[in-house]
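Worksheet: the structure to be examined is printed underneath.
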Amino acid sequence: MKKHLICILALLACLCSCKKEELTTFDVVGGNLNKRVINNLRGFDDDLPTLLNECKISYSEFLLMTVDSCWNFPESTRTKVRQLREAVSKPDKYTMMTKILTMDEVADYLNNVDGGRISGPVFYAGDLKNVYTMHDIYWGLRLDYEDSPFNEKAAGYAVIRFYVSSPDCISIPYCKEMGGTLPHCWPYGGGGFTCSTLGNGGYPIWNIEYATEPVEGAEIYEVNRNGYEILRAVYSREKKWLAADKGYSPTSK
């Protein structure tokens with residue numbers, strides 16, 4: 001009987017431990033654009049088999065195309081990269097986007113520096129639903145570039161999740177060999193994909209060419225190393241970021 005009780009207690013302890021890990025990795029605090037919502041979006045990983053089939057590109061070719069720089073590829077390979085990248089649907093006003101920030105940058109948005117507008121490299125939120133730990137964000141999006149403010153050993157990072165009212169500001173960042181204007185800046189390969197080191201290929205990257213106001217209701221989350229996130233700010237109808245503890249709701253009058 002005593003041995004049986006010990007086994008039951010051990011099982012309960014194991015279940016509690018698993019539940020704690022699940023919360024640390026997946027749970028969220030607040031928000032309308034949180035990770036639970038993101039998990040229900042269709043992403044690049046879901047569409048990749050169909051895209052590769054349509055472009056007549058093998059999975060092994062895709063992996064090779066997204067781990068090196070396009071300026072080192074022959075023209076035939078660059079043509080395939082461009083074909084695949086442009087087969088990815090361009091974001092529209094219904095597409096939830098994500099911008100990755102350092103924890104320190106959150107203060108700039110809360111202080112509405114530059115009007116709290118967004119520019120530079122961004123991603124479709126659904127494409128990053130399987131990339132959320134500090135390690136995976138750092139190496140999957142190649143945040144190890146020269147003079148990067150990101151640190152693989154940081155306590156975490158932050159994300160803005162948002163919609164844009166004028167998607168015309170969003171483009172594919174190509175290097176000159178791919179028909180674009182970006183200079184060579186490894187570890188960005190210039191082909192519109194990140195050069196991920198996670199082993200499953202790169203992720204489509206987009207660029208907001210000029211500082212743009214997000215649609216009301218955009219949200220900023222701080223995310224710890226394991227992917228646990230908490231809402232920090234919401235973009236208001238007054239076109240400024242408000243701290244989440246102010247209780248702002250986009251649906252309020």
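The values are calculated or read from the model by the stated rules, or taken from the named source; none is laboratory data. It should be emphasised that the depicted structure is a prediction, and the values quoted were computed from it without experimental measurement. So basically every Cβ, Gly included, is an ideal-geometry build from the backbone, and we count neighbours across all protein chains shown.
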Legend entry - Every residue from the stretch 195-253 that is on the phi > 0 side of the Ramachandran plot and over 15 Å from the mean Cα position of the chain (by Cα): Gly199, Gly217, Lys239, Gly247
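How many residues are in a helix (DSSP H, G or I), farther than 18 Å from Glu222 by Cα and either in contact with a Lys or Arg (Cβ under 6 Å, 6 or more places away or on another chain) or in contact (Cβ under 8 Å) with a residue 60 or more places away in the chain (or both) if we restrict to the stretch 127-167? Don't jump to the end; show me each part of the working.
Restricting attention to the stretch 127-167, the residues satisfying the condition of being in a helix (DSSP H, G or I) are 127-128, 134-140, 167.
Filter once more, so that each one left must be farther than 18 Å from Glu222 by Cα: 127, 139-140, 167.
Retained after the next criterion (residues that are either in contact with a Lys or Arg (Cβ under 6 Å, 6 or more places away or on another chain) or in contact (Cβ under 8 Å) with a residue 60 or more places away in the chain (or both)): 127, 140, 167.
The qualifying residues number 3.
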Inset, instruction - Assess whether Glu209 counts as being among the charged types (D, E, K, R), under 30 Å from Leu51 (Cα atoms) and either in contact (Cβ under 8 Å) with a residue 12 or more places away in the chain or not in a strand (DSSP E or B) (or both). - result: yes
Inset, instruction - Hey, could you check the stretch 213-252 for residues that are buried (at least 18 other Cβ atoms within 10 Å of the Cβ) and among the hydroxyl-bearing types (Ser, Thr, Tyr) and say which is farthest from Thr98 (Cα to Cα)? - result: Tyr248
Inset, instruction - Residues being at pLDDT 90 or above and in contact with a Ser or Thr (Cβ under 9 Å, 6 or more places away or on another chain): count how many of those fall in the stretch 238-253. - result: 1
Inset, instruction - Scan the stretch 154-206 residue by residue and report those that are among the polar types (S, T, N, Q), at pLDDT 95 or above and over 16 Å from Asp127 (Cβ atoms). - result: Ser171, Thr197
Inset, instruction - Give the stretch 139-174 a look and list any residue that's small (Gly, Ala, Ser) and either surrounded by 13 or more Cβ atoms within 10 Å (Cβ to Cβ) or under 15 Å from Cys185 (Cβ atoms) (or both), or say none. - result: Gly140, Ser148, Ala154, Gly156, Ala158, Ser171
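Looking only at residues that are aliphatic (A, V, I, L, M) and outside any loop (DSSP other than H, G, I, E, B) in the stretch 168-188, which one is farthest from Lys239 (Cα to Cα)? Spell out the reasoning first.
So in the stretch 168-188, the residues aliphatic (A, V, I, L, M) come out as 170, 172, 178, 182.
Keeping just the survivors that are outside any loop (DSSP other than H, G, I, E, B) gives 170, 178, 182.
On the way: Ile170: 20, Met178: 36, Leu182: 31 Å.
By that ranking, first place goes to Met178.
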Inset, instruction - Test Tyr124 against the stated conditions and say whether it is over 21 Å from Trp186 (Cβ atoms), crowded, with 21+ Cβ neighbours inside 10 Å, within 19 Å of the chain's Cα centre (by Cα) and not aliphatic (A, V, I, L, M). - result: yes
Legend entry - In the stretch 175-198, residue surrounded by the most Cβ atoms within 10 Å (Cβ to Cβ) [restricted to those that are small (Gly, Ala, Ser) and in contact (Cβ under 8 Å) with a residue 12 or more places away in the chain]: Gly191
